[in-house]
1. Which pairs do you get when a residue that is under 20 Å from PRO223 (Cβ atoms), found in the range 135-162, comes within reach of a residue that is at pLDDT 95 or above and exposed (fewer than 15 other Cβ atoms within 10 Å of the Cβ), reach meaning Cβ atoms under 6 angstrom, with the pair 6+ apart or on two chains?
2. Hey, can you tell me all the residues within the range 120-133 that are within 13 Å of the ligand (Cβ to nearest atom), in contact (Cβ under 8 Å) with a residue 60 or more places away in the chain and β-branched (Val, Ile, Thr)?
3. Quick check on my filter: what residues within the range 1-60 are touching a residue at least 40 places away in the same chain (Cβ under 8 Å), surrounded by 24 or more Cβ atoms within 10 Å (Cβ to Cβ) and part of a strand (DSSP E or B)?
4. For residues in the range 137-153 being part of a helix (DSSP H, G or I) and among the small types (Gly, Ala, Ser), which is nearest to the ligand (Cβ to nearest atom)?
5. Give the residue, chosen from PRO222, PRO162, that is loosely packed, with under 15 Cβ neighbours inside 10 Å and either more than 18 Å from the chain's Cα centre (by Cα) or more than 24 Å from ASP60 (Cβ to Cβ) (or both).
6. Counting only residues that are within 16 Å of the ligand (Cβ to nearest atom) and farther than 24 Å from ALA112 by Cβ, give me the helices (runs of 4 or more DSSP H) lying completely in the range 154-273 with at least 2 of them.
7. Report, by residue number, each residue of the range 163-172 that is free of Cβ contacts under 8 Å to residues at least 24 places away in the same chain and among the charged types (D, E, K, R).
8. Please go through the range 98-119 and give me each residue that is away from the ligand (no atom under 15 Å from the Cβ), touching a Lys or Arg at 6+ places or on another chain (Cβ under 9 Å) and in contact (Cβ under 8 Å) with a residue 40 or more places away in the chain, ordered by number.
Amino acid sequence: MSIPVPAPFTEVRGVSLHVRYRPRPGARTVLFLNALGSDGRIWDGVAAELGGTCGTIQYDQRGQGLSDAPPGEYTLRDHTADLIGLLDALGVERAVLAGVSVGGLIAQDVAAAHPERVAGLVLCGTGARIGTPDAWQQRIEAVRAGRLADLAPGIVGRWFTPAFFVGRPAEARGYVNMLARTSPQGYVGTCAALRDADLREQTAALSVPAVVLCGEADESTPPDLNRDLATRLGTDLHVIPDAAHLTGVERPRVVIDHIRAFLASLDAGKTVS
Ligand SMILES: O=C(O)CC1=CCC(=O)O1
């Protein structure tokens, strides 16, 4: 019997979300969350490989990619409610959440608000609090002033190592395009969520199995920030060599291996360290 192909857009809480769901009945489902100014495609390489053994969900959070970008400032709880609504719409009871950057913050918040829906957390290049309120407010004002395309090369310059720009120039330009073409309204909405999100106490109280991964050259969420997150969660940090912020793009093979090890540990009823 063939599995029906799910529609690429699903309405959740009045917002059209762009989603790619590849179900695998009887197997775990891994749901991927993307970084600010990117979309679900940043997980293509990792999801394609894991899709051999797991169900996978890639979606563009509100304000990003092909999803709607409602006006106004978003909260982390808006993103959390969207994700739960998406799982409900897809009929998925529980998933492993793999999130990078703001995607990792959302994953932590979902685990706090709805622990029964989360089988485990793979947190990549993130923290329990990212940046400072002042820095996010400045970013908001710059984007409101129409400067997102000007900022894009500098921000993407921190997503990858210098070697990526030399060795994979077409991809590097593509990621600048991805960021520069993000809805400014949606970008600002999620900057506000980042400005206001401080999960340091909330995350320290989580009891969901978790693993933390970070590029050794990550300047957006440096290894020490990820180490602090891992300490709060009582798990280890795995530092990935020759990678910066978007490890799943730059070093997909290493990220796949860590996720596979984590999934195996869940199957064995324990967490990996
Ligand atoms: O945009 C950046 O500077 C890096 C980043 C922080 C949170 C996020 O999702 O991306």
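The values are calculated or read from the model by the stated rules, or taken from the named source; none is laboratory data. Here the structure is a predicted model, which means the values were calculated and not measured. Neighbour counts are summed over all protein chains in view; Cβ atoms, including those assigned to glycine, are modelled from backbone coordinates with ideal geometry.
1. Listed by first residue and then by second, the contacts come to ARG158/GLU219.
2. Looking only at the range 120-133, we keep the residues that are within 13 Å of the ligand (Cβ to nearest atom), and these are 123-132.
Filter again for in contact (Cβ under 8 Å) with a residue 60 or more places away in the chain, leaving 123-131.
Across the range 120-133, the qualifying residues are THR126, ILE130.
3. Once the filter is applied, which keeps residues that are touching a residue at least 40 places away in the same chain (Cβ under 8 Å), surrounded by 24 or more Cβ atoms within 10 Å (Cβ to Cβ) and part of a strand (DSSP E or B), the range 1-60 yields LEU17, VAL30, LEU31, PHE32, LEU33, TYR59.
4. Restricting to residues being part of a helix (DSSP H, G or I) and among the small types (Gly, Ala, Ser), the top hit is ALA152.
5. Details: PRO222 fails: loosely packed, with under 15 Cβ neighbours inside 10 Å.
Checking each option against the conditions leaves just PRO162.
6. 169-180, 184-196, 247-250
7. Within the range 163-172, ARG168 is the sole residue that qualifies.
8. Applying the first criterion (away from the ligand (no atom under 15 Å from the Cβ)) to the range 98-119 yields 110-119.
Those still in the list that are touching a Lys or Arg at 6+ places or on another chain (Cβ under 9 Å) too: 110-111, 113, 116-119.
Of everything in the range 98-119, those that are away from the ligand (no atom under 15 Å from the Cβ), touching a Lys or Arg at 6+ places or on another chain (Cβ under 9 Å) and in contact (Cβ under 8 Å) with a residue 40 or more places away in the chain turn out to be ALA111, VAL118, ALA119.
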